[in-house]
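Everything below concerns the one structure shown next.
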Number of protein chains: 2
Amino acid sequence: MEHEAEFLLEYNQKVELINEWLENVVPQAEGDCIALYKALRYSLFAGGKRIRPVIAMAVCEMLGGDVEQVMPFACAIELIHTYSLIHDDLPAMDNDDLRRGQPTCHKKFDEATAILVGDALQALAFEIMSRSEINPIIVLECIRTVATAAGGDGMVGGQIRDIGGCEDAELHNKMNNLKTGALIMASAWMGALVGKAAIEDYRPIGIYAQSLGIAFQVKDDILDVEGNAEKLGKKTGQDSVTDKITYVSHMGLDRAKDYLLELTDNCKDEIAIFGEKSFFLQDLATYLYERDN
Amino acid sequence: MEHEAEFLLEYNQKVELINEWLENVVPQAEGDCIALYKALRYSLFAGGKRIRPVIAMAVCEMLGGDVEQVMPFACAIELIHTYSLIHDDLPAMDNDDLRRGQPTCHKKFDEATAILVGDALQALAFEIMSRSEINPIIVLECIRTVATAAGGDGMVGGQIRDIGGCEDAELHNKMNNLKTGALIMASAWMGALVGKAAIEDYRPIGIYAQSLGIAFQVKDDILDVEGNAEKLGKKTGQDSVTDKITYVSHMGLDRAKDYLLELTDNCKDEIAIFGEKSFFLQDLATYLYERDN
């Protein structure tokens, strides 16, 4: 990536702002409900990349919007994402002991706590959004966007397909579009809503987010085959052990890599219509393309 | 109860309206996501009493509000309540096999499905509210009310205290106020918000809902001791087997019964300020006092 240092500086500044906001919106672990908020903060501050809120912020800024206004929505999407990881890791689901090299929520605490922390995070996401003081019509649009993306016709719909097993590549792609794509799309959409996008802006922003969502999963599947377990903070080669359909298993490694490059170029081409204001989002696509964890 | 037939007629009409609305807001079990919606509808239409939405409707009507306007919010609270029962029944939580005489969601389907159905129901609750077309300020107030009541400082906060075990009567009462009381209070609040309550209306409505919420749990605890297992659709005597603190265990059966009567009278006295328009809510308190399941 050209200008990598500048990109990383801006990326890290965004992550810092998100973490500051999250610190403020999530109650401290104290009082007689310490168990819940301790576990909640453990999972929320476990070193996630904050990609979804970064997208919401970057889209909003690209359109000339006020980044402070998008923050409650950016935080909300990160809370939803975090809850989904906690529930996904549960023994009845993926049964994962480690996440980013650390014990998963139910391993560190217990299963009941992990279920309830996920439930509380989802409620908190909607509470934070409902407390935003910008135009109520836009707030409601954002809430509708997140609720739809998170629910049975979005992320949870993807998860139920995932546990049901996807018999073929088509179902796998649809599952992934819902499970990973829906929240990434919602992040971009909220950036557009708060940034007061013009009608014609939605199409390129939508295509950017959709391509980025697919690219993200293709990269994950590639990293599972040739990534470094230490950098990833989890075992590699798990997909072939569990005989899971992945982009690599149904396309082969080489074609998956070509597809990843194609998707990344597509992201950049679409968003380039916004000129130099889109440089950060273009670089973000490259960054996710090149990432090793 | 005087005029029991009239009360039951009105109660059942309300339940019918709720069920019609729920039928419309919950997607049919079809297409490639049949597993999720099949399980979701199984739990949602398992014969619940719909007390929370009935309260929202009755408060709204008492204030002269349009019942159709409160329906999305009444449905939302029922979806939240249903999700909480599904997660509460999970093996890691209460590990219940039966609910209203039928297999619980994770018994009928599986644990992963039950977790995801609960997650989807919570998202759907917020989606439905966000689609309401009444004054956006009121919609946002309702969303904030539900999110706060459902989250870590409300219902989920009560559940985490419940699984942690409540060492004394004070903690038990607080736990119960959160676990059961918060959603009942939110139901009344939404009825008040949509029914455009005057500022001075909130206090009596709030006291009514708070007393009703406690009364509801006291009655549950009494039924666990002297109720009929067949009518209840679940085993009785479970609280003493599990050595749980209940109103009966910390007050004794006789004092718990006195307390129940006192709370019920308190409900009726408070709401009587609204005159004959409050008859239904007064009768509802009596009905819940007299219920045998």
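The values are calculated or read from the model by the stated rules, or taken from the named source; none is laboratory data. Since we're looking at a predicted model, the values are computed, not measured. For neighbour counting, all protein chains shown are included, and Cβ atoms are generated from backbone atoms with ideal geometry for every residue, glycine included.
Let's see how each residue does on (1) crowded, with 23+ Cβ neighbours inside 10 Å; (2) more than 21 Å from B:Ile207 (Cβ to Cβ):
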| position | (1), (2) |
| --- | --- |
| B:Leu36 | yes, yes |
| B:Tyr42 | no, yes |
| B:Pro53 | yes, no |
| B:Ala58 | yes, no |
| B:Val67 | no, yes |
| B:Pro72 | yes, yes |
| B:Cys75 | yes, yes |
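Can you spot a residue in region A:171-194 that is of a type in the set (A, V, I, L, M, F, W, C), surrounded by fewer than 23 Cβ atoms within 10 Å (Cβ to Cβ), more than 11 Å from every other protein chain (Cβ to nearest Cβ) and farther than 19 Å from A:Ser84 by Cα? For region A:171-194, residues of a type in the set (A, V, I, L, M, F, W, C), surrounded by fewer than 23 Cβ atoms within 10 Å (Cβ to Cβ), more than 11 Å from every other protein chain (Cβ to nearest Cβ) and farther than 19 Å from A:Ser84 by Cα: absent. Screening B:Pro27, B:Pro53 for residues that are at pLDDT 95 or above and of a type outside the set (Val, Ile, Thr) leaves exactly one candidate, B:Pro53.
Pick from B:Thr264, B:Thr246: which is in contact with a Ser or Thr (Cβ under 8 Å, 6 or more places away or on another chain) and among the β-branched types (Val, Ile, Thr)?
That would be B:Thr264, the only listed residue that is in contact with a Ser or Thr (Cβ under 8 Å, 6 or more places away or on another chain) and among the β-branched types (Val, Ile, Thr).
Among the residues of region B:161-170 satisfying the criterion of being more than 8 Å from every other protein chain (Cβ to nearest Cβ) and assigned to a helix (DSSP H, G or I), which is farthest from A:Val26 (Cα to Cα)? Top of the filtered list is B:Ala169.
All conditions in (1) away from chain B (no Cβ under 14 Å); (2) closer than 21 Å to A:Ala150 by Cβ hold for A:Gly64, with the sole exception of (2). Checked against the criterion of being at negative phi and in contact with a Gly (Cβ under 7 Å, 6 or more places away or on another chain), the candidates A:Val54, A:Val67, A:Val59 yield just one match: A:Val59. Scanning region A:1-14 for residues that are surrounded by fewer than 18 Cβ atoms within 10 Å (Cβ to Cβ) and not acidic (Asp, Glu) turns up A:Met1, A:His3, A:Ala5, A:Leu8, A:Leu9, A:Asn12, A:Gln13.
Take B:Ile207 and decide whether it is at pLDDT 95 or above, closer than 16 Å to B:Tyr289 by Cβ and assigned to a helix (DSSP H, G or I).
Details: at pLDDT 95 or above: yes; closer than 16 Å to B:Tyr289 by Cβ: no; assigned to a helix (DSSP H, G or I): yes.
It is false that B:Ile207 is at pLDDT 95 or above, closer than 16 Å to B:Tyr289 by Cβ and assigned to a helix (DSSP H, G or I).
Within region A:136-160, being in contact with a Lys or Arg (Cβ under 7 Å, 6 or more places away or on another chain) and more than 7 Å from chain B (Cβ to nearest Cβ) holds for A:Met155, A:Gly158.
Mind listing whichever residues of region B:132-169 are β-branched (Val, Ile, Thr) and within 30 Å of A:Glu141 (Cβ to Cβ)? Outline the logic, then answer.
Initially, region B:132-169 is screened for residues β-branched (Val, Ile, Thr), giving B:134, B:137-139, B:143, B:145-146, B:148, B:156, B:160, B:163.
Selection gives B:Ile134, B:Ile137, B:Ile138, B:Val139, B:Ile143, B:Thr145, B:Val146, B:Thr148, B:Val156.
Looking across region B:118-135 at every residue that is of a type in the set (S, T, N, Q) and either more than 7 Å from every other protein chain (Cβ to nearest Cβ) or not in a helix (DSSP H, G or I) (or both), the one that is nearest to A:Ala150 (Cα to Cα) is identified as B:Ser132. Just to be sure before I move on: is B:Lys14 touching a Lys or Arg at 6+ places or on another chain (Cβ under 8 Å) and assigned to a helix (DSSP H, G or I) in the structure I sent? The answer is yes for B:Lys14.
Please enumerate the residues belonging to region B:264-277 that are touching a residue at least 40 places away in the same chain (Cβ under 8 Å) and surrounded by fewer than 21 Cβ atoms within 10 Å (Cβ to Cβ). Walk me through it before giving the result.
Filtering region B:264-277 for residues touching a residue at least 40 places away in the same chain (Cβ under 8 Å) gives B:264, B:266-267, B:270-271, B:273-274, B:277.
Passing the criteria: B:Asn266, B:Ile273, B:Phe274, B:Lys277.
The set of residues in region A:242-257 being part of a helix (DSSP H, G or I) and exposed (fewer than 12 other Cβ atoms within 10 Å of the Cβ) consists of A:Asp254 alone.
Being surrounded by fewer than 21 Cβ atoms within 10 Å (Cβ to Cβ) and within 22 Å of B:Gly227 (Cα to Cα) is the filter; apply it to region B:278-288 and report the residue that is nearest to the chain's Cα centre (by Cα). My answer is B:Leu288.
Here A:Leu124 does not qualify as in contact (Cβ under 8 Å) with a residue 12 or more places away in the chain, under 18 Å from B:Gln122 (Cβ atoms), surrounded by fewer than 22 Cβ atoms within 10 Å (Cβ to Cβ) and within 19 Å of the chain's Cα centre (by Cα).
Determine which member of the set B:Glu68, B:Glu61, B:Glu23 is assigned to a helix (DSSP H, G or I), in contact (Cβ under 8 Å) with a residue 60 or more places away in the chain and more than 15 Å from the chain's Cα centre (by Cα). So the residue among B:Glu68, B:Glu61, B:Glu23 that is assigned to a helix (DSSP H, G or I), in contact (Cβ under 8 Å) with a residue 60 or more places away in the chain and more than 15 Å from the chain's Cα centre (by Cα) is B:Glu61. Going through (1) touching a residue at least 60 places away in the same chain (Cβ under 8 Å); (2) part of a helix (DSSP H, G or I); (3) facing another protein chain (nearest Cβ under 9 Å) one by one, B:Ala74 falls short only on (3).
The set of residues from region A:85-113 being facing another protein chain (nearest Cβ under 8 Å), touching a residue at least 24 places away in the same chain (Cβ under 8 Å) and assigned to a helix (DSSP H, G or I) comprises A:His87, A:Thr113.
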